[in-house]
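Undergrad: Sharing a structure here in structure tokens format.
The values are calculated or read from the model by the stated rules, or taken from the named source; none is laboratory data. Note that the coordinates shown come from a computational prediction; the quantities given were computed from them, not determined experimentally. Methodologically, a virtual Cβ is constructed for each residue, glycine included, from the backbone with ideal geometry; neighbour enumeration extends over all protein chains shown. In case anyone asks, the SASA skips ligands and DNA or RNA and just uses the protein heavy atoms, side chains included. Shrake-Rupley method; radii C 1.70, N 1.55, O 1.52, S 1.80 Å.
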Amino acid sequence: MRQIVGVLLLAFVVNGFGSFGQSVSRTYGDIAPSDFVSTQNEASAKSQGAIVLFDVGESYFVQSGYSFNLVLERHIRIKILNNVGLKWANEQIPYYASGSQTEVVKGLTAVTYNLEEGDIVSSEFDSTQTFVEKLTNTWYLKKFALPAVRPGSIIEYKYKVVSPFKFNLHDWEFQTEIPTLHSSYQVRLIPFYEYVYILKGPDSTIKPDTTYEKKRSVTFNGIDYSEKVYKFSMKDIPAFVKEDNMGAVDDYKIKLDFQLSAVHRTDGSVEKILSTWENLVEELTDNSDFWKYADASGMYLYDLRKLGLDEMTKEQKARVITQFVMSKFKWNGRYGVLASKELGDFYKSKTGNVANINLFLIGLLRSAKIEANPVILSTRGHGKIYKDYPFEHYFNYVVVMASFDDSTIFIDATEPDIPYGVLPVRCLNDQGLLAKQGFEKWVPLNNSEVIETEEKFQLKLNSTVDSVIITAAKTVHGYEGFDLRKRLENNPTKLSEHIKNEYIQLFGAPSTNNYDDTSQPYQINYQGWQQVEKIAEKIYISPFPLQLQLPTAFASDKRTYPLDLAYPQAYFYYSELEIPDGFLIESPPGNFKLSNILYAIEFTVDTSNEHKIIVSGSYTLKQAAYLPEHYLPVKLGIAKAIDLLNQKLVLTVNK
């Protein structure tokens, strides 16, 4: 863990984005005609539409009565290259509020510069034209738009955020969705507050190399002290290009995360804010919106007295109580480790955040003599947990871990459409922390089970042998089935659109099995027809009429970041073609089989029955995630499987 207790200068460079070789003044308002001249290397930023010329920030403390406020100052200048970059004229400043205290955005000034007939024309931003958007109960966005922005414009703005929250030392993103020429962040710390930081991104192993201390005579409560200054800077930073199936973006962007670790009081005492995971769990034990909330929830078990719990086993009780919570209480879509509503308000309104619901369930289960404990975690979109750094803000979700004599299950009562004992995909993010008093325990939250999809076809040529009649069933298991149910909603139109394409014409709407029983695979049944290709006396038939495509996860030619599929997947295909009298199969495709640690593919053709040909094939993605260097070999392997499955069968007249 890196503790910021000395004064240091950190300078590092990311390679791969050519230096613009352009000297830009960083004084607000100091713009020269030469700044508008296109440079040779700007061509590499055309697809992003803009470049950050510089982004400079500084955080420091100012005395406020008998305490301190944290102040962030930020100054940024951006050059708009084309229409794609116009969106950068719309900006937003996040700030935090809790209870009666709030951060305040001050001194916001912004201007747009355009070069018109050799003269620089400035368009000032009207500071009254801002509005606030509420993100959560504690986070807000102050939004504004710069005027007169067009391709070729340079925009510039600066502001301060004054904060009474010492824990909220501003993080810093060096990398954004557009290239950055220069980004630097200076932190001026005082000896009363101690912080730790993590440098994320591909260059997170780079260490500080220079330190310095800024001498300044300052007195607080009779104590003389000096600031310690840390400067972090980068230049020529490439744009961050998001890829599909990559998990949380913040795990890969180059950025600094800060956490308050200790408060040193003027009387010599020290309050440890950040110490161990065990201490974090201990704090949750005493929190009225966590363990105390869960404990108090147990009194509502009385409302379940008519369900006959006394006659059930513990496993049966847990299932019935979970179903009760899922049916009576609705999740409002909000995440959080702490309950967002008072217990009474939650019970009355029957809606709340994930902590309201799952902590309430824990209270009911424990009241029914079932061992149940919360597990706090970071959802897939929220990012990884770094176990060496006990940062509370890593966590944004809580689920239930229930233990019986010979088994343990995880429960999330926010999702009634997912079977009992199965966590939503958003929770499958490596590991979670068991929030049980007295010890530290991490529990795995991965899904190692291979999720299967099966497609079966019965094919028969019509009497004129110019089309094939299709009877088919698609069976989707596990998470893939949950997702398909949610997308199609068992709606006849959506079901038909899911199946129907340029290759198949349907006979009526598809039917389904197990839509309401999520413990079983979801099945779609349909019938249709497809025209066949006839050349001379030969008939060409696709054994899998849908014309299989490469999965969208493999659409790119290469990857920079890992491919995250969430769970292993397997796809099985089976087709029976009835051979009409007077025809025989000509030169059937050969069998193929390949298996390694990354994937497996298999293809077989059975011609042992002269009246029927059976074609089967499959491919399996054995891992839930693939490193970038494994992406292309896996893609080529799956492409091989698709090519095998799309081979046509050839029937010829039996002479």
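Undergrad: Quick check on residue 261: is it out of contact with any Lys or Arg (no Cβ under 8 Å at 6 or more places or on another chain) and either free of Cβ contacts under 8 Å to residues at least 60 places away in the same chain or farther than 30 Å from residue 555 by Cα (or both)?
TA: No: the conditions fail for residue 261.
Undergrad: Filter the range 599-655 down to the residues that are touching a residue at least 40 places away in the same chain (Cβ under 8 Å) and of a type in the set (Ser, Thr, Tyr), then identify the one that is farthest from residue 558 (Cα to Cα).
TA: Applying the filter and picking the extreme gives 652.
Undergrad: Let me ask something else. Quickly run through the range 157-206 and pick out the residues that are open to solvent by 20 Å² or more (accessible area, probe 1.4 Å) and over 30 Å from residue 48 (Cα atoms).
TA: Within the range 157-206, 162, 164, 166, 167, 168, 188, 191, 193, 194 qualify.
Undergrad: Among the residues in the range 41-54, are any modelled with pLDDT of 90 or more, under 30 Å from residue 386 (Cβ atoms) and open to solvent by less than 20 Å² (accessible area, probe 1.4 Å)?
TA: yes
Undergrad: Additional query: Report those strands (runs of 3 or more DSSP E) wholly inside the range 377-491 carrying at least 3 residues which are open to solvent by 50 Å² or more (accessible area, probe 1.4 Å).
TA: Filter on the range 377-491 gives 451-461.
Undergrad: Please tell me if residue 87 is more than 23 Å from residue 256 (Cβ to Cβ), open to solvent by 20 Å² or more (accessible area, probe 1.4 Å) and either in contact with an Asp or Glu (Cβ under 6 Å, 6 or more places away or on another chain) or not in a strand (DSSP E or B) (or both).
TA: For residue 87, the condition - more than 23 Å from residue 256 (Cβ to Cβ), open to solvent by 20 Å² or more (accessible area, probe 1.4 Å) and either in contact with an Asp or Glu (Cβ under 6 Å, 6 or more places away or on another chain) or not in a strand (DSSP E or B) (or both) - is met.
Undergrad: Moving on to the next point. Looking at 403, 407, 349, 367, can you tell me which residue is more than 26 Å from residue 565 (Cβ to Cβ), of a type in the set (Ser, Thr, Tyr) and touching a strand residue (DSSP E or B) at 6+ places or on another chain (Cβ under 6 Å)?
TA: Going through 403, 407, 349, 367 in turn, the sole match is 403.
Undergrad: Do you know which of the residues in the range 107-139 that are open to solvent by 50 Å² or more (accessible area, probe 1.4 Å) and within 32 Å of the chain's Cα centre (by Cα) is farthest from residue 31 (Cα to Cα)?
TA: Checking each candidate, the answer is 137.
Undergrad: Got at least one residue in the range 561-579 being part of a loop (DSSP other than H, G, I, E, B), out of contact with any Pro (no Cβ under 9 Å at 6 or more places or on another chain), modelled with pLDDT under 95 and farther than 22 Å from residue 243 by Cβ?
TA: Scanning the range 561-579, I find at least one residue that is part of a loop (DSSP other than H, G, I, E, B), out of contact with any Pro (no Cβ under 9 Å at 6 or more places or on another chain), modelled with pLDDT under 95 and farther than 22 Å from residue 243 by Cβ, so the answer is yes.
Undergrad: How do the strands (runs of 3 or more DSSP E) wholly within the range 205-283 filter down when requiring 3 or more residues that are under 38 Å from the mean Cα position of the chain (by Cα), at pLDDT 85 or above and charged (D, E, K, R): which remain?
TA: The qualifying strands (runs of 3 or more DSSP E) are 223-237.
Undergrad: While we're on this one: I'd like to verify a number: residues in the range 90-106 that are surrounded by 12 or more Cβ atoms within 10 Å (Cβ to Cβ) and in a strand (DSSP E or B), how many?
TA: Residues in the range 90-106 being surrounded by 12 or more Cβ atoms within 10 Å (Cβ to Cβ) and in a strand (DSSP E or B): 11 in total.
Undergrad: Please find, within the range 492-510, the residue that is modelled with the lowest pLDDT out of those that are open to solvent by 60 Å² or more (accessible area, probe 1.4 Å) and in a loop (DSSP other than H, G, I, E, B).
TA: 502
Undergrad: Any chance you could count how many residues in the range 284-304 are under 13 Å from residue 436 (Cβ atoms), of a type in the set (S, T, N, Q) and not in a helix (DSSP H, G or I)?
TA: So the answer is 0.
Undergrad: Residues of the range 436-468 being within 26 Å of residue 617 (Cβ to Cβ), at pLDDT below 95 and out of contact with any Pro (no Cβ under 9 Å at 6 or more places or on another chain), which ones?
TA: Hits for the range 436-468 are 462, 467.
Undergrad: Anything in the range 349-362 that is part of a helix (DSSP H, G or I) and either modelled with pLDDT under 95 or under 30 Å from residue 252 (Cα atoms) (or both)? List them, or say none.
TA: 354, 355
Undergrad: Still on this structure: When you look at residue 572, is it closer than 25 Å to residue 465 by Cβ and either in contact with a Leu (Cβ under 9 Å, 6 or more places away or on another chain) or open to solvent by 50 Å² or more (accessible area, probe 1.4 Å) (or both), yes or no?
TA: When the stated conditions are applied, residue 572 does not pass them.
Undergrad: I've got another one for you. Could you say which residue among 111, 161 is modelled with pLDDT of 95 or more, of a type in the set (Val, Ile, Thr), under 30 Å from residue 334 (Cα atoms) and in a strand (DSSP E or B)?
TA: 161
Undergrad: Of all the residues that make up the range 287-333, how many are among the acidic types (Asp, Glu) and open to solvent by less than 40 Å² (accessible area, probe 1.4 Å)?
TA: 0
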